[in-house]
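Enquirer: I have a structure here, written as structure tokens, and I will follow up with some questions on it.
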Amino acid sequence: MINAILVFNNHGKPRLVRFYQHLAEEVQQQIIRETFHLVLKRDDHICNFLECGSLFGGSDYKLIYRHYATLYFVFCVDSSESELGILDLIQVFVETLDKCFENVCELDLIFHMDKVHHILQEVVIGGMVLETNMNEIVAQVEAQSKLEKAEGGLSAAPSRAVSAVKNINLPEIPRNINIGDINIKVPNLSQFM
């Protein structure tokens, strides 16, 4: 099982943090710091797996990481996961980001956090690998983007509400609404339509 996914830059600034087990925020921050220091001090020619020992409370956990340009992608997994499988999963995740953002960079992770989290959820949910086919992931992300554009986003909500009210076909506009002991006088709405 995947216990955490961390993406941070060369200076240790977290750009994506996802824990799949409940940990106190202080513990999460400590894990991020220690993980960064463990990964940073490793030579580029050493394998991309290392024991994370006491970080998650046992020797059963491993850090599997890849370094791309200015970003480290680190997955903390237990012994049930294949190291090579997780390396491939990191590659799929990065290639999917690259395809969705057309040459992904650190700024894309900062300014499009919602889309990055959506892509990650298409790959991993609850610490379990959901999808590894990059084309399927991209198709789901594009479908979500089309849906958001069709809905017009949150900024279009007020105008959609007004048009919905205008499109209500009432035989006559109610002037008084009685609900139990409450009597509401409806103002003349024709000036707004």
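Enquirer: Regarding region 40-50, can at least one residue be identified that is assigned to a strand (DSSP E or B), open to solvent by less than 70 Å² (accessible area, probe 1.4 Å) and of a type in the set (D, E, K, R)?
Expert: Kept after step one, since they are assigned to a strand (DSSP E or B), are these residues of region 40-50: 49-50.
From what is left, the residues that are open to solvent by less than 70 Å² (accessible area, probe 1.4 Å) are 49-50.
This time we only want the ones that are of a type in the set (D, E, K, R), so: none.
For region 40-50, residues assigned to a strand (DSSP E or B), open to solvent by less than 70 Å² (accessible area, probe 1.4 Å) and of a type in the set (D, E, K, R): absent.
Enquirer: What number of residues within region 116-132 are open to solvent by 60 Å² or more (accessible area, probe 1.4 Å) and either under 15 Å from residue 16 (Cα atoms) or without any contact (Cβ under 8 Å) to a residue 40 or more places away in the chain (or both)?
Expert: Going residue by residue through region 116-132, those that are open to solvent by 60 Å² or more (accessible area, probe 1.4 Å) are 121, 125, 128-130, 132.
Now narrow it down to the ones that are either under 15 Å from residue 16 (Cα atoms) or without any contact (Cβ under 8 Å) to a residue 40 or more places away in the chain (or both): 121, 125, 130.
Residues in region 116-132 being open to solvent by 60 Å² or more (accessible area, probe 1.4 Å) and either under 15 Å from residue 16 (Cα atoms) or without any contact (Cβ under 8 Å) to a residue 40 or more places away in the chain (or both): 3 in total.
Enquirer: Within region 54-70, restricting attention to residues that are part of a loop (DSSP other than H, G, I, E, B) and at pLDDT 85 or above, which residue is nearest to residue 10 (Cα to Cα)?
Expert: Step one: of region 54-70, the residues part of a loop (DSSP other than H, G, I, E, B) are 56-61, 69-70.
Adding the requirement that they be at pLDDT 85 or above leaves 61, 69-70.
Values: 61: 23, 69: 9, 70: 5 Å.
Among those residues, the one meeting the criterion is 70.
Enquirer: Take the residues of region 77-114 that are in contact (Cβ under 8 Å) with a residue 60 or more places away in the chain and charged (D, E, K, R): which is farthest from residue 50 (Cα to Cα)?
Expert: It comes out as 106.
Enquirer: Being of a type in the set (Lys, Arg) and touching a residue at least 12 places away in the same chain (Cβ under 8 Å) narrows it down to one of 42, 33, so name that one. Spell out the reasoning first.
Expert: Details: 42 fails: touching a residue at least 12 places away in the same chain (Cβ under 8 Å).
After applying the criteria, what remains is 33.
Enquirer: Something else about it: Before we move on, is residue 82 of a type in the set (Gly, Ala, Ser), open to solvent by 60 Å² or more (accessible area, probe 1.4 Å) and closer than 24 Å to residue 121 by Cβ? Lay out the reasoning, then the answer.
Expert: Values: of a type in the set (Gly, Ala, Ser): yes; open to solvent by 60 Å² or more (accessible area, probe 1.4 Å): yes; closer than 24 Å to residue 121 by Cβ: yes.
It is true that residue 82 is of a type in the set (Gly, Ala, Ser), open to solvent by 60 Å² or more (accessible area, probe 1.4 Å) and closer than 24 Å to residue 121 by Cβ.
Enquirer: Given (1) over 19 Å from residue 132 (Cα atoms); (2) surrounded by fewer than 18 Cβ atoms within 10 Å (Cβ to Cβ), identify the lone condition not met by residue 92.
Expert: (1)
The values are calculated or read from the model by the stated rules, or taken from the named source; none is laboratory data. It should be emphasised that the depicted structure is a prediction, and the values quoted were computed from it without experimental measurement. Cβ coordinates were reconstructed from backbone atoms using ideal geometry, including for glycine residues, and neighbour counts include every protein chain displayed. These area figures cover heavy atoms from the full protein model, side chains too; ligands, DNA and RNA do not enter into them. Shrake-Rupley method; radii C 1.70, N 1.55, O 1.52, S 1.80 Å.
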